[in-house]
Every structure is written in structure tokens, then in C-alpha cells.
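A.B. asks: Pasting a structure below so you can have a look.
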Amino acid sequence: MRFELIIDKDKEECITAVVHSPGKLTDAIEQLVLQYTGEDTLAAFTEDSWARISLEDIECIVVEDGKTFAVTAQGKYRLRQRLYVLEQQLPQNFMRINKSTLANKKKIVRFSAAFHGAVNVVFQSGFTEYVSRRCFAEIKRRYLK
């Protein structure tokens, strides 16, 4: 297999893959290309301003009182999108850990056992969120890859 990347700002962006037969890799490449919007930031709001925050800075996205927030090391930022819309748009390193939270796999420091056998996720900033039993098996499978 050969890979070729040509960066030319004067040309229109086009992605072409020549393969002998389709497979899991070609499906994954197609999905990645079609989901990519060209932006690695989200518009976020505080009480008195707005900013663009990098996806790399987001530890998790939570829903509280019907409002969506991005949690970073610098604090919480309000997002306009719904959680299910963000789940479809965000890269693979974001995974659902409970009904109202998407976690950035790259920002997870550890999983800790909580009272009554529950599991919590601890992020780099120290923020913690619980993991639902429904999501735990999928998280273990994806996290231990």
C-alpha cells in the first residue's frame, strides 16, 4: 500500500483512494472524510463573551439543566448544539460515558471505583463524572484498545 498527501493551497480539496477491494479500512476512511467539517474548534459562550475552543482542550461535554457545556481545564463553556448532534460530529476520541456526557478519551487520567460499585472517570483537570453501567462495557472495549 502506498500513501500520498499533496498540500497545495491553490487547488480544490479532493480525496481519492484507489483500492483493490472495499473493506473495513475503506469504510473507516470514507466515514472519517465525510464527517470531517474542516474545523477543529467549537463556538462556546461564557456569561459575557464567546470564544472558539479547540477540541483538544475539551475534557468532556455535559448536559446540565437542559444546557450543553464543554468542560476544559479553564472552566465550563456553554455550547449551542445538542449532545446527540455533537456526538455525531466529534472525532472518535469522544465517547459517551452516560446519558448526558461525552468524554474525551485523551483527557481521561483514570477510572476510579465509587460508592456502591459505580465507576467514575477522573479527567486531567480533576473534574469527575460517573460512568453508567449501560456504557461501561463499550468504554472498556474502546479504552483498552
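All of the numbers you see were taken from the coordinates with simple rules; none came from a lab. Only a predicted model underlies this, so the values are computations on that prediction, with no experimental measurement involved. Cβ atoms come from the backbone with ideal geometry, glycine included; neighbour counts cover every protein chain shown.
A.B. asks: If I model a spin label at residue 3 and residue 40 as a point 7 Å from the Cα along the Cα→Cβ vector, what separation in nanometres do I get?
C.D. replies: Here the answer is 1.5 nm between the modelled labels.
A.B. asks: Cross-link list 67/140; 76/107; 24/107; 11/105; 9/76: which exceed 24 angstrom alpha carbon to alpha carbon?
C.D. replies: 67/140; 24/107; 11/105; 9/76, as the Cα separations exceed 24 Å there.
A.B. asks: Ranked by Cβ crowding within 10 angstrom, fewest neighbours first, how are 68, 41 ordered?
C.D. replies: On the way: 68 20, 41 13.
Final ranking by Cβ density, sparse to dense: 41, 68.
A.B. asks: Mind sorting 40, 10 by how few other Cβ atoms lie within 10 Å of their own Cβ, fewest first?
C.D. replies: Ordered by Cβ neighbours within 10 Å, fewest first: 10, 40.
A.B. asks: Moving to a separate point now. Could you give the angle, 0 to 90 degrees to the nearest 10, between helix 133-143's Cα long axis and the longest principal axis of the Cα atoms of the chain?
C.D. replies: Tilt relative to the chain: about 40 degrees.
A.B. asks: Of the listed values (i) 1.03; (ii) 1.23; (iii) 1.08, identify the label whose number matches Cα Rg over 2.2 N^0.38 Å calculated from this model.
C.D. replies: Entry (ii).
A.B. asks: At what distance in angstrom do the alpha carbon centres of segment 12-63 and segment 79-111 lie from each other?
C.D. replies: 13 Å
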